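These notes are about the structure you will find just below.
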Amino acid sequence: MRRAAVVVGLAVGLYLIGRAVAEPLVIDLSDPATYRDDWGGPSLIGVLLVHSGPGVVAAIAITIALIRHRSSGHVQRKQLGPAVGRNHPRVLRRGTACVPTASIRPPDQTDRAAT
């Protein structure tokens, strides 16, 4: 269900972005008669805000969602397979080295091994 919502949201967002890009090309910016009766008219600022504003908001929202998705580590966990969870030692985290678990021992076991 979540995947379907993401697909529909992405499709609507891309439509709004396309509409935002096309609006200044469709109207004649120097002739107020071409946009006077549009939503947001009679001013050019109002028309561009109403027709291009949602596309700008959609572009910002999609960008934020992609940045959050990539920085969450979701992509790295998926590449390791479904059995690898968030706390698995092979999961790559930002700022940490990928060290094999066999070389990591708690401090109390290290002291006993040295004696």
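Bear in mind that the values in this text are calculations on the coordinates, not laboratory data. Bear in mind that the values here come from a model prediction, so they are computed numbers and not experimental data. As a convention, Cβ positions derive from the backbone with ideal geometry for all residues, glycine included, and neighbour counts pool all protein chains shown.
Selection of segment 15-56 for residues being in contact (Cβ under 8 Å) with a residue 24 or more places away in the chain and surrounded by fewer than 16 Cβ atoms within 10 Å (Cβ to Cβ) yields Gly18, Arg19, Val21, Pro24, Gly53, Val56.
Residues in segment 16-75 that are part of a loop (DSSP other than H, G, I, E, B) and in contact with a helix residue (DSSP H, G or I) (Cβ under 6 Å, 6 or more places away or on another chain): Ile27, Asp28, Tyr35, Asp38, Trp39, Gly40, Gly41.
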